[in-house]
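Novice: Structure provided below as structure tokens; questions to follow.
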Amino acid sequence: MPETFNFSEILERLKNGSKVCRIGWNGKGMWIALQVPDANSKMTLPYLYMNTAQGDLVPWLASQTDILADDWMLA
């Protein structure tokens, strides 16, 4: 069984450049990461994005269930 974390713990790992996922997610290969915009980006503030089960990258917003979950792990 992999080491698991709560959302507060995983948020610190995101800020340090880690990709993370939830054990409870059904799609294989899904993960989220933090994007910090650079001078060439159209975005101006950091944001979370997800790699979907299909391999697409999309903006991601945590649900209440995600925030309260204790099954987060490093991807």
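The values are calculated or read from the model by the stated rules, or taken from the named source; none is laboratory data. Since we're looking at a predicted model, the values are computed, not measured. Because the Cβ atoms are built from the backbone with ideal geometry, glycine has one as well, and the counts that use them run over all protein chains shown. Areas reflect the complete protein model, heavy atoms only, side chains present, ligands, DNA and RNA absent. Shrake-Rupley method; radii C 1.70, N 1.55, O 1.52, S 1.80 Å.
Novice: Taking the solvent-accessible surface of protein heavy atoms with a 1.4 Å probe, what is the per residue accessible area of the chain in Å²? Before the final figure, lay out each step's value.
Specialist: Working: 5300 Å² over 75 residues.
Here the per-residue accessible area is 71 Å².
Novice: Computed FRET efficiency, Cβ-Cβ of Ser63 and Ala39, R0 30 Å: what is it to the nearest 0.05?
Specialist: Numbers: r = 32 Å, r/R0 = 1.08.
Efficiency for this residue pair is about 0.40.
Novice: While we're looking at this one, here's another question. Taking only DSSP H segments of four or more residues, each worth -39500 (n - 2.57), what value at 222 nm results for the chain once the sum is divided by all its residues, to the nearest 500 deg cm²/dmol?
Specialist: -4500 deg cm²/dmol
Novice: What's the ranking of 25-33, 1-9 by average number of surrounding C-beta atoms within 10 Å, highest first?
Specialist: Highest mean packing first, the order is 25-33, 1-9.
Novice: Right, here's the next one. Would you mind getting the Kirkwood hydrodynamic radius of segment 7-75 from its Cα pairs, rounded to one decimal in Å?
Specialist: Values: mean 1/r = 0.0796 Å⁻¹.
Kirkwood radius, segment 7-75: 12.6 Å.
Novice: Right, something else. May I ask you to rank Leu48, Leu34, Leu61 by accessible area, largest first, using a 1.4 Å probe over the protein chains only?
Specialist: Leu61, Leu34, Leu48
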